[in-house]
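Participant: Have a look at this one before I ask anything.
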Amino acid sequence: MMKVTTVAESLLLCTLLMAVSLFGVRATQYRRHPPQKIDTQTAQVKPEGDWEGTLDTGSVKLRLVVHVISKAEGLSATLDSPDQGATGLAIDSISVKENSIQFEMKSLGAAYRGKFNNDGSQIEGEFSQLGQAFPLNFTRVDKSKSKPDLLRLEKVVFDGRSLNLLIGGEGSPAVIFEGGFGSGIASWSTVQRETAAFARTVSYDRAGLGQSESGPKPRSAKQIAAELNAALLKAGVKPPYVLVGHSLGGVFVRVFADMYPRDVVGIVLIDPSQEAFNEWAKKHQIDRRKQEQSEMSKAPEGVRAEWDSLDVTYAQARAAKVPLGIQVTLISATQDEGMPADARKMWVEKHKEWLAGVPGSKHIIADKSGHFIQGQEPALVIEAIRQMVKKAP
């Protein structure tokens with residue numbers, strides 16, 4: 001069993017935007033922010049152009065860019081989500097009436113409604129999807145003046161299928177990000193951009209998630225590690241690596257290090273899932289386990305495949321060892337209100353027990369964060385990565 005809230009969070013986020021699994025948003029965590037006051041006008045505005053905004057769900061912040069063009073038959077638009085490595089997502093319909101704008105993405109069950117400010121340079125509005133609503137404001141941008149993004153999307157093909165990678169930055173060792181259960185590129189949005197300023201970085205969507213094609217089953221830790229290794233080599237991202245894993249991704253990077261010990265110089269674990277906690281949870285949280293299994297029936301196939309392989313994955317993690325000479329930093333969250341107090345205490349205790357068997361390891365307590373530390377305290381995660389890169393031989 002993973003951390004208690006993992007399944008519900010992943011299912012909600014799998015539907016957010018282009019059905020890419022993120023992590024860390026819980027419907028009950030959302031607080032409706034008071035709208036910023038923007039002076040509106042009554043004259044018709046010209047919406048054509050590029051509009052950029054940030055969708056803030058509380059734990060995850062996603063940059064979104066809407067491209068609006070005018071055609072003979074009317075307006076058309078597409079959506080980019082740079083932090084998810086997605087561009088040109090179809091907007092089915094868009095309309096502007098006086099100072100109001102709305103668009104719809106039917107395949108995602110998503111819609112946006114907003115109002116222009118007085119000079120037509122900003123839009124204040126709300127993004128809604130499947131009963132959830134999030135404030136989202138856009139600002140008109142001049143593409144000719146925007147700075148080039150450090151990160152680039154790359155499709156890597158091997159064994160007849162492709163994985164979606166987001167790569168950026170320079171230097172060695174390369175920092176490789178592994179998302180939690182059902183999660184990929186978007187779970188690292190802020191942290192990867194900042195880390196790319198001092199290191200080469202790679203995040204990706206595992207097979208069957210996001211824009212990556214499905215892969216062989218079972219979707220175990222060893223299978224995932226082998227695919228990541230092949231994708232990195234195909235993309236020309238050579239070792240040594242600093243591996244950064246969040247939640248279940250922490251299990252995956254531990255197995256990767258065990259399989260490819262000569263390629264890894266450091267590991268940063270962000271509130272990682274732990275096989276010992278999984279065993280404890282099976283005995284003490286039977287009802288929660290049943291709830292999670294019920295929720296999985298709503299999940300996309302790629303997420304269900306990871307769920308179905310959890311027992312194999314945890315067995316592989318139990319057998320994996322951290323090779324001598326590899327530095328380990330583990331960051332534990334203490335403020336996850338979605339987890340009962342006894343489970344939250346046990347979660348951190350299992351982290352401590354595991355670290356006791358890793359010589360020279362470092363334990364950091366994130367006392368201001370829930371499970372999604374990289375979204376709530378990104379500076380803490382970035383600094384841990386920076387120090388690991390500096391210590392690399």
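Participant: Return the only residue of Lys143, Lys71, Lys147, Lys106 being closer than 23 Å to Val45 by Cα and at pLDDT below 85.
Facilitator: On inspection, the qualifying residue turns out to be Lys143.
Participant: Only one of Ser81, Ser70 is of a type in the set (S, T, N, Q), free of Cβ contacts under 8 Å to residues at least 40 places away in the same chain and within 29 Å of Leu153 (Cα to Cα); which?
Facilitator: Step by step, each of Ser81, Ser70 is checked, and only Ser70 is of a type in the set (S, T, N, Q), free of Cβ contacts under 8 Å to residues at least 40 places away in the same chain and within 29 Å of Leu153 (Cα to Cα).
Participant: Is it true that Ala90 is surrounded by fewer than 18 Cβ atoms within 10 Å (Cβ to Cβ) and either in contact (Cβ under 8 Å) with a residue 12 or more places away in the chain or part of a strand (DSSP E or B) (or both)?
Facilitator: Judged against the criteria, Ala90 is a match.
Participant: For region 278-294, state whether one or more residues are buried (at least 19 other Cβ atoms within 10 Å of the Cβ) and among the hydrophobic types (A, V, I, L, M, F, W, C).
Facilitator: Yes, region 278-294 has at least one match.
Participant: Still on this structure, I have one more. Can you find a residue in region 367-377 that is β-branched (Val, Ile, Thr) and either surrounded by 21 or more Cβ atoms within 10 Å (Cβ to Cβ) or at positive phi (or both)?
Facilitator: yes
Results for (1) touching an Asp or Glu at 6+ places or on another chain (Cβ under 6 Å); (2) at pLDDT below 90; (3) among the hydroxyl-bearing types (Ser, Thr, Tyr); (4) closer than 20 Å to Gly370 by Cα, shown as yes or no for each residue.
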residue: Val268; (1), (2), (3), (4): no, no, no, yes
residue: His284; (1), (2), (3), (4): no, yes, no, no
residue: Pro300; (1), (2), (3), (4): no, yes, no, no
residue: Ala305; (1), (2), (3), (4): no, no, no, no
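Participant: What helices (runs of 4 or more DSSP H) lie completely within region 240-352 and have 3 or more residues being in contact with a strand residue (DSSP E or B) (Cβ under 9 Å, 6 or more places away or on another chain) and touching a residue at least 40 places away in the same chain (Cβ under 8 Å)?
Facilitator: Answer list for region 240-352: 248-259.
The values are calculated or read from the model by the stated rules, or taken from the named source; none is laboratory data. Only a predicted model underlies this, so the values are computations on that prediction, with no experimental measurement involved. Note that we place each Cβ from the backbone using ideal geometry, even for glycine, and neighbour counts take in every protein chain shown.
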